[in-house]
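Data block below; observations after.
The values are calculated or read from the model by the stated rules, or taken from the named source; none is laboratory data. All values reported here derive from a predicted model rather than from experimental measurement. With ideal geometry, Cβ positions are generated from the backbone for all residues, glycine too; neighbour counts draw on all protein chains shown.
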Amino acid sequence: MSNIKITLPDGSVREYPQGSSSMDIALSISEGLARNVLAAKVNGKVWDATRPIDTDANLQLLTWNDADGKATFWHSSAHLLAEAIEALYPGTKFGIGPAIETGFYYDIDLGGKPFSQEDFKKVEDKMLELARQKSEYKRTSVSKADAIEYFTEKADEYKLELIDGLEDGQITFYSQGNFTDLCRGPHIPNTGFIKAIKIMNVAGAYWRGDEKRPMLTRVYAVTFPKQKELDDYLHVLEEAKRRDHRKLGKELELFTFSEKVGAGLPLWLPKGALLRERLESFLRRAQVRAGYSPVVTPHIGSKQLYVTSGHWEKYGKDSFQPIHTPEEGEEFMLKPMNCPHHCEIYKARPRSYRELPLRLAEFGTVYRYEQSGELHGLTRVRGFTQDDAHIFCRNDQVKDEFKRVIDLVQYVFRSLGFDNYSAQISLRDPAKPEKYFGTDEDWNRAESAIIEASAEKGLNTVTELGEAAFYGPKLDFMVRDALGRKWQLGTIQVDYQLPQRFDLEYMGSDGTKHRPVMIHRAPFGSLERFIAILIENTAGNFPLWLSPDQIAVLPISEKYMDYANDIFLQLQEADVRGYVDHRDEKIGRKIRDAEVHKLPYMLIVGDKEQAEGTISVRRKGHPDMGSMKLEDFVTYFKTEIQSGIATFGA
């Protein structure tokens with residue numbers, strides 16, 4: 001038997017007998033390492049650690065600390081969940097059971113039997129019992145005919161449908177204990193790695209996401225290699241509940257939803273509207289400094305506008321359906337995107353190279369028909385406002401403009417305390433050219449500009465194939481919330497396609513017409529999602545400059561109401577936001593309510609303050625500041641805002 005050469009991540013090369021597994025290689029390095037190996041990346045593909053390697057290869061051993069290691073652990077746990085459910089509920093049929101960002105789920109058909117929170121403990125105990133048996137995950141290649149025969153005997157129409165879409169010779173089963181599943185893998189070596197289990201919740205899920213297909217039971221769960229890690233995770237979940245933007249949004253009177261208005265369509269209450277207004281004003285000022293011009297476009301547009309742009313072809317099914325007018329054949333759409341409107345603004349008159357780059361900015365509300373099961377507070381809605389802008393520039397300006405937008409996004413994140421983010425370069429999937437518009441030449445230029453600009457700005461990026469928009473690649477800024485989940489907020493996209501589809505031109509210095517390049521950008525992404533993450537990251541304790549109410553004037557009794565009103569009028573003149581608590585309540589109750597509403601400052605007035613012409617100042621989270629003259633407080637307050645002092649977090 002000949003040897004194979006294995007190249008490790010540090011560049012070292014070792015020789016092993018042909019057919020050695022990644023686990024064999026791990027054992028040759030260190031028994032301690034081998035005990036932690038969950039899977040391996042062989043020539044860039046994730047494999048079972050026990051799978052033989054027959055050719056020279058680059059090898060990375062994967063542990064719990066690697067994202068691919070966690071994903072393998074959780075997918076293997078999904079199989080363990082299925083084994084436990086099959087043992088407890090014979091005759092169950094199974095859909096799919098993938099790993100997700102935190103944990104996994106399995107879609108199951110219990111044949112009408114109920115499955116609720118009362119069943120969780122029983123299934124968890126069974127999973128732990130099976131895990132302790134340390135059953136190996138065994139991979140077997142099977143013919144399509146044998147796969148069909150196996151699942152026909154089990155009368156599992158879901159697996160049979162999945163098999164129908166597979167090619168003979170590329171089908172594998174995985175077995176552990178008494179359970180066998182159709183699966184590509186990979187999996188961890190054995191069930192013994194799984195030490196802590198928690199079923200989180202159940203939900204309904206249509207088979208293959210089609211509301212015309214059967215409704216299955218989706219069981220969500222999470223597992224860990226140590227009990228302490230599960231305990232820590234559950235603690236984080238409790239903290240996340242405390243910070244949940246839906247809960248705090250109600251308590252702080254920021255937004256609400258109404259069934260009569262419609263699912264996924266938020267209603268902004270006065271304090272929430274003020275919060276939005278402050279954020280918009282903040283970005284507008286930054287945009288003016290960066291050379292953007294404001295524009296406003298309608299909430300609807302002719303369907304033909306989106307046919308021209310390509311959005312109807314690519315996203316028509318995810319949009320609200322066309323609005324038919326009394327005019328024969330006339331159709332409009334609720335605006336799903338702002339960019340086609342901005343193309344028409346560019347095209348309103350002839351353009352010269354001297355005008356470029358032309359930067360058009362709009363806080364434009366768009367509408368997309370998200371599935372009802374995917375709606376979630378402000379993070380996934382059907383109507384949302386993008387801080388949208390489109391830069392029309394020459395080819396030689398693309399990279400510099402892209403870098404300027406990176407600077408703007410980072411300024412926004414830095415100003416609002418969004419430090420936990422990553423940058424994702426989203427490229428096309430070369431295996432699916434039908435998903436995209438345009439030539440290879442245009443795509444190569446656009447992708448190169450993004451990659452080079454990101455490198456020159458020193459961004460730590462990851463690259464994802466298949467995540468590009470249909471018209472161009474993009475740089476997505478992924479922010480983690482209080483639960484550690486990733487959300488896409490800011491985005492920057494390079495687009496050679498829409499200028500062609502709208503026949504956009506400018507007169508060049510050579511006296512001939514040229515095609516501009518279009519850069520799409522949105523530092524917030526959407527105001528709704530941005531505010532949701534901001535609420536959770538700050539636990540509702542907004543920076544002082546952003547807080548809807550910055551102060552509350554609290555008179556000790558009705559006797560001091562006139563003095564409190566006079567103080568508040570002077571604060572309003574100084575552009576300090578807040579209110580007077582006019583209620584006939586004891587001062588202790590007023591203070592507690594102000595704390596619940598997370599007021600940064602409470603200004604208490606009574607007999608002593610009225611006599612001396614002062615206010616008694618309490619700052620949230622700090623010792624009492626004592627009595628101050630109003631003008632001294634205003635000076636202090638303005639200094640705090642100007643110097644950018646802000647309290648983030650709980």
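Would you point out which residue out of VAL398, VAL295, VAL405, VAL381 is at pLDDT 90 or above, over 20 Å from LEU527 (Cβ atoms) and among the aliphatic types (A, V, I, L, M)? Full working, then the answer.
Working: VAL295 fails: over 20 Å from LEU527 (Cβ atoms); VAL405 fails: over 20 Å from LEU527 (Cβ atoms); VAL381 fails: over 20 Å from LEU527 (Cβ atoms).
Answer to the selection: VAL398.
Hey, among the residues in the stretch 367-378 that are under 20 Å from LEU534 (Cβ atoms) and modelled with pLDDT of 90 or more, which one's surrounded by the fewest Cβ atoms within 10 Å (Cβ to Cβ)? In this case the residue turns out to be HIS376.
Filtering TYR506, TYR436 for residues that are in contact with a Pro (Cβ under 6 Å, 6 or more places away or on another chain) and among the aromatic types (Phe, Trp, Tyr) leaves a single hit, TYR506. Inspection of the stretch 147-164 identifies no residue that is more than 17 Å from ILE85 (Cα to Cα), at pLDDT below 95, assigned to a loop (DSSP other than H, G, I, E, B) and of a type in the set (Asp, Glu).
Give LEU599, LEU569 a once-over and let me know the one that is aliphatic (A, V, I, L, M) and within 38 Å of the chain's Cα centre (by Cα). Talk me through it step by step, then tell me what you get.
Details: LEU569 fails: within 38 Å of the chain's Cα centre (by Cα).
Answer to the selection: LEU599.
With respect to the stated conditions, PHE257 fails to be touching a Phe, Trp or Tyr at 6+ places or on another chain (Cβ under 8 Å) and outside the structural domain of GLN500 (by TED's automatic domain parsing).
So which pairs qualify, if the first residue must be in the stretch 525-542 and touching a residue at least 12 places away in the same chain (Cβ under 8 Å), the second must be crowded, with 24+ Cβ neighbours inside 10 Å and aromatic (Phe, Trp, Tyr), the Cβ gap must be under 6 Å, and the two must be at least 6 apart or on different chains? Close Cβ pairs (under 6 Å, with a partner that is crowded, with 24+ Cβ neighbours inside 10 Å and aromatic (Phe, Trp, Tyr)) amount to PHE530/PHE524.
Confirm whether GLU327 is over 19 Å from PHE402 (Cα atoms) and assigned to a loop (DSSP other than H, G, I, E, B). Against the criterion (over 19 Å from PHE402 (Cα atoms) and assigned to a loop (DSSP other than H, G, I, E, B)), GLU327 qualifies.
Taking the stretch 11-44 as the range and being more than 17 Å from TYR137 (Cβ to Cβ) and in a strand (DSSP E or B) as the test, the residues that pass are VAL13, ARG14, GLU15, TYR16, PRO17, LYS41.
Could you list all residues from the stretch 396-441 that are among the small types (Gly, Ala, Ser) and in contact (Cβ under 8 Å) with a residue 12 or more places away in the chain?
Pass one, the stretch 396-441, residues among the small types (Gly, Ala, Ser): 415, 417, 422-423, 426, 431, 438.
Passing the criteria: SER415, GLY417, SER422, ALA423, SER426, GLY438.
Checking LEU265, LEU230 one by one, the residue that is surrounded by fewer than 18 Cβ atoms within 10 Å (Cβ to Cβ), closer than 30 Å to THR72 by Cα and either aromatic (Phe, Trp, Tyr) or outside the structural domain of LYS113 (by TED's automatic domain parsing) (or both) is LEU230 and no other.
TYR579 satisfies every condition listed in (1) touching a residue at least 40 places away in the same chain (Cβ under 8 Å); (2) in the same structural domain as SER627 (by TED's automatic domain parsing); (3) within 42 Å of the chain's Cα centre (by Cα) except (1). Regarding LYS303, is this residue of a type outside the set (Val, Ile, Thr) and surrounded by 15 or more Cβ atoms within 10 Å (Cβ to Cβ)? Yes: the conditions hold for LYS303.
Scanning the stretch 268-300 for residues that are closer than 21 Å to LYS335 by Cβ, exposed (fewer than 13 other Cβ atoms within 10 Å of the Cβ) and of a type in the set (Val, Ile, Thr) turns up just one, VAL296.
Within the stretch 602-615, the set of residues being closer than 30 Å to ILE535 by Cβ and either more than 36 Å from the chain's Cα centre (by Cα) or not assigned by TED's automatic domain parsing to the domain that holds PHE637 (or both) comprises LEU603, ILE604, ILE615.
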